[in-house]
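First the structure, in the form of structure tokens, and then the observations on it.
The values are calculated or read from the model by the stated rules, or taken from the named source; none is laboratory data. Worth saying up front: this structure is predicted, and the values here are computed from it rather than measured. Every residue, glycine as well, gets a Cβ built from its backbone with ideal geometry; the counts of neighbours run over all protein chains shown.
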Amino acid sequence: MTNDTKGESLEPGNARVVVDQDKCVGVGKCEMLEPEAMEVDEDTAIASMIEGTVLPLERAQKLVTECPSSAISIGDIEGSQTSQNVEQQNAEER
Amino acid sequence: MTTVAFVPDVTTSDLYLDGIPHETFAQMRAVDGLVWHPYEGGGFWAATRHADVLTISKDSERFSSAIGHTNLWDLEADALEARRSLIDSDAPEHTRLRRVVSKAFTPKNIRAWEEVTRNIAVRCLDDFVAQGGGDWVDLVAAPVPINVILTIMGVPLEDADLLVELSNYLVEGTGETQSLAPDAFGNTTELRLLPFNSPASHALFEYGGKIREVREADPKEDLVTRLIFAEIDGERLTKSEYQNFFQLVVFAGNETTRTAMSHAAMALAANPHQWQRLLDDPSMIDSAVEELLRWASPVMHMRRTAAVDAEVAGTAIAKGDKVVMWYSSANFDEAVFADPQILDLSRDPNPHFAFGGGGSHYCLGAFLARMELKILLEEMIRRDLRLSVVGEPVRAPSNFVQGVLSVDVEITK
């Protein structure tokens, strides 16, 4: 699980994941693995991370590898230099 | 580079009457690159290794499901259009179709059907035990999945036998001979325009049409109602999309799970020590389900067509070439599975391709099938049911599904 290229340069911590809306086909495996953090929308059948939740990096990376349609990527890791990703995402949500 | 010293043929349907031709696939896996497999005057690239199937399956941009067909033979453009379903489409069309139904099949929503499934499994197993054994397919493996999927769809359960029969005819359509006359079930459509080239598809279309009329007048909280009324970008499914969808859900929702349940019983009967392990430690059940799925490999292949020039495992693939992913080989790839020919109910990890090799076409019903199989095993454990196979199972002559038509099973306890 440590061979993820994104993970190498970042220290372990809590992470958020990002779902590619075009790739997600609503299989729901993420929701099954992390019911507290992931949900498939009732209407659009697209998965997303529940607002305000984070996951330990290792579990977030498991979502990345387990997603059958390769729709999930690591968005931001706490304490890392990529927090602009999350700011960007929050801006979009607003 | 190992050259191909043999001309493999893994497409003859009769080859599968004794099960998966493991030795031929092992020879193919040992060849560098993909193997060129002659077929009907042309041919296809056979991907038999786990890694190559994964690469192709996940790359739906280069390897299309919408060009040509997802079965071995090509379809003319009008036939492809008439038969187009979730399976034979690419994004964004595929994504649009899939989202109509995907929510109904997420693990969370599948849980709502556990009780229904358990009741059906209990009834079937009780019948099987009361009769002192018998044809496992007829008594258990066929009725459980068809009754579950029909309940989810909202289709009358009294038609279960008819729909199983029609599904069997569809499987026949993947082999060399069909027992149905072209005008069976009142069919007047050219066979090449029907899924599986089978008049049974006409019967399923007609049946689906009748259910549609009923639900249009009286919508319910079921999958058929969803298929009729769901709007994507403000549009409902066309008549043809609905027909193909209805047929796909009936077929895929019963035939493949039936196959998995048939092989599960055969595998457990042939490996009583493995069954004993599960009886002793039922917490192994999740890995047992996965191993039985690997073992069953219900769908043995799917085809893609190269949308662009590509390369896999060092083999150059030209735009327009057929590429066939052999799950029935990848699931026994010694590079990924230690002792692949040994049934090991505690195998973990178990990255089998019983639901396809991943990517956007990952089996819609994967979590439904897992849930059904798990509940069946739980109920078998509860009954301490020990099985043995009498005689030889009768397998479907098909290179596409590893179907079992009947298998006589007795209770050995």
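Listed values, structure above:
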read-out	value
Enumerated strands (runs of 3 or more DSSP E) restricted to the stretch B:297-413, each holding at least 2 residues that are in contact (Cβ under 8 Å) with a residue 40 or more places away in the chain and buried (at least 23 other Cβ atoms within 10 Å of the Cβ)	B:301-306, B:322-326, B:404-411
Residue count for the stretch B:332-359, restricted to those that are within 24 Å of A:Ser69 (Cβ to Cβ) and under 18 Å from the mean Cα position of the chain (by Cα)	9
Verdict on B:Ile228 being surrounded by fewer than 24 Cβ atoms within 10 Å (Cβ to Cβ), without any contact (Cβ under 8 Å) to a residue 60 or more places away in the chain, in contact with a Lys or Arg (Cβ under 7 Å, 6 or more places away or on another chain) and assigned to a helix (DSSP H, G or I)	yes
Residues of the stretch B:148-203 classified as modelled with pLDDT of 90 or more, of a type in the set (A, V, I, L, M, F, W, C) and closer than 30 Å to B:Val122 by Cβ, total	13
Residue check for B:Glu23: of a type outside the set (S, T, N, Q) and either under 22 Å from B:Asp309 (Cβ atoms) or touching a residue at least 24 places away in the same chain (Cβ under 8 Å) (or both)	no
Residue check for B:Ala46: at pLDDT 95 or above and surrounded by 15 or more Cβ atoms within 10 Å (Cβ to Cβ)	yes
Residue that is nearest to the other protein chains (Cβ to nearest Cβ), among those in the stretch B:73-92 that are hydrophobic (A, V, I, L, M, F, W, C) and surrounded by 15 or more Cβ atoms within 10 Å (Cβ to Cβ)	B:Ala91
Residue match in the stretch B:240-249 (condition: surrounded by 15 or more Cβ atoms within 10 Å (Cβ to Cβ), in contact (Cβ under 8 Å) with a residue 24 or more places away in the chain and of a type in the set (Gly, Ala, Ser))	no
Selected residue (criterion: surrounded by the fewest Cβ atoms within 10 Å (Cβ to Cβ)) from residues of the stretch A:33-68 that are aliphatic (A, V, I, L, M) and part of a loop (DSSP other than H, G, I, E, B)	A:Ile50
Residues satisfying the stated conditions in the stretch B:176-218, i.e. among the β-branched types (Val, Ile, Thr) and surrounded by fewer than 18 Cβ atoms within 10 Å (Cβ to Cβ)	B:Thr177, B:Thr188, B:Thr189, B:Val214
Only listed residue being polar (S, T, N, Q), on the phi > 0 side of the Ramachandran plot and out of contact with any Gly (no Cβ under 8 Å at 6 or more places or on another chain), chosen from B:Ser297, B:Ser283	B:Ser297
Selection from the stretch A:61-80 of residues that are among the charged types (D, E, K, R) and within 14 Å of another protein chain (Cβ to nearest Cβ)	A:Lys62, A:Glu66
Some residue of the stretch B:117-131 being out of contact with any Lys or Arg (no Cβ under 6 Å at 6 or more places or on another chain), under 30 Å from A:Cys24 (Cβ atoms) and assigned to a helix (DSSP H, G or I)	yes
Residue check, B:Pro393 touching a Gly at 6+ places or on another chain (Cβ under 7 Å) and not hydrophobic (A, V, I, L, M, F, W, C)	no
The stretch A:39-60, residues that are facing chain B (nearest Cβ under 10 Å) and either in contact with a Gly (Cβ under 9 Å, 6 or more places away or on another chain) or within 17 Å of B:Pro107 (Cβ to Cβ) (or both)	A:Glu39, A:Val40, A:Asp41, A:Glu42, A:Thr44, A:Ala45, A:Ile46, A:Ala47
Qualifying positions in the stretch A:1-21 - modelled with pLDDT of 90 or more and within 14 Å of another protein chain (Cβ to nearest Cβ)	A:Val19, A:Asp20, A:Gln21
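Okay, residues lined up against (1) within 13 Å of chain A (Cβ to nearest Cβ); (2) at pLDDT 90 or above; (3) in a helix (DSSP H, G or I):
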| residue | (1), (2), (3) |
| --- | --- |
| B:Ala51 | no, yes, yes |
| B:Glu61 | yes, yes, no |
| B:Ala66 | no, yes, no |
| B:His69 | no, yes, no |
| B:His94 | yes, yes, yes |
| B:Asn109 | yes, yes, yes |
